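These notes are about the structure you will find just below.
The values are calculated or read from the model by the stated rules, or taken from the named source; none is laboratory data. Please read all numbers here as calculations on a predicted model, not as lab measurements. Neighbour counts run over all protein chains shown; Cβ positions are idealised from the backbone, glycine included. When the accessible area is computed, the model is the full protein with side chains, heavy atoms only, and any ligands, DNA or RNA have been set aside. Shrake-Rupley method; radii C 1.70, N 1.55, O 1.52, S 1.80 Å.
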Amino acid sequence: MFLTRIIYGIEFAIVLVVEIIKAVFDTLNCSLKGDVDPVVLDIKPDLKRPVSLAILSNTITLTPGTITIDMNQETGILKVSAITPRSTEDIIPLEPYIKKMLE
């Protein structure tokens, strides 16, 4: 069980780096085109533990173009600001990895 979580943690770290690189190019592309339309979204991830929500919140903030404004641990809702309108799956692609690693 512990070894499985370590493997999921390594997988999470690799996917996080890939997502950050993709977000850098996407943010650069939007900025250069002037296609910036900031939005604030409420996202309800399928995570139960507060530490899982905190890690997801930090990964959202780490990726360029998005930032977590507020995290309500009681309801599990994250308030996220993005530079362009996006789907929830685009904002939290790491949720399944965090769920496998910590839930």
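Here are a few things to note about the model shown:
- Residue, nearest to I55 (Cα to Cα), within the range 1-24, restricted to residues that are free of Cβ contacts under 8 Å to residues at least 40 places away in the same chain and within 19 Å of the chain's Cα centre (by Cα): A13
- All positions within the range 1-46 that are touching a Lys or Arg at 6+ places or on another chain (Cβ under 9 Å) and either within 24 Å of T84 (Cβ to Cβ) or surrounded by 11 or more Cβ atoms within 10 Å (Cβ to Cβ) (or both): R5, Y8, E11, F12, V39, V40, L41, D42, I43, P45, D46
- Residue pairs meeting the criteria (Cβ under 6 Å; at least 6 apart or on separate chains; first more than 13 Å from T66 (Cα to Cα), in the range 27-38; second at pLDDT 95 or above and exposed (fewer than 12 other Cβ atoms within 10 Å of the Cβ)): none
- Residue within the range 64-83 that is within 21 Å of E11 (Cα to Cα) and open to solvent by 60 Å² or more (accessible area, probe 1.4 Å) present: no
- When every residue of the range 47-59 is checked against the conditions, none turns out to be open to solvent by 70 Å² or more (accessible area, probe 1.4 Å) and touching a strand residue (DSSP E or B) at 6+ places or on another chain (Cβ under 7 Å).
- Qualifying residue in the range 51-72 (condition: under 14 Å from the mean Cα position of the chain (by Cα), acidic (D, E) and modelled with pLDDT of 95 or more): yes
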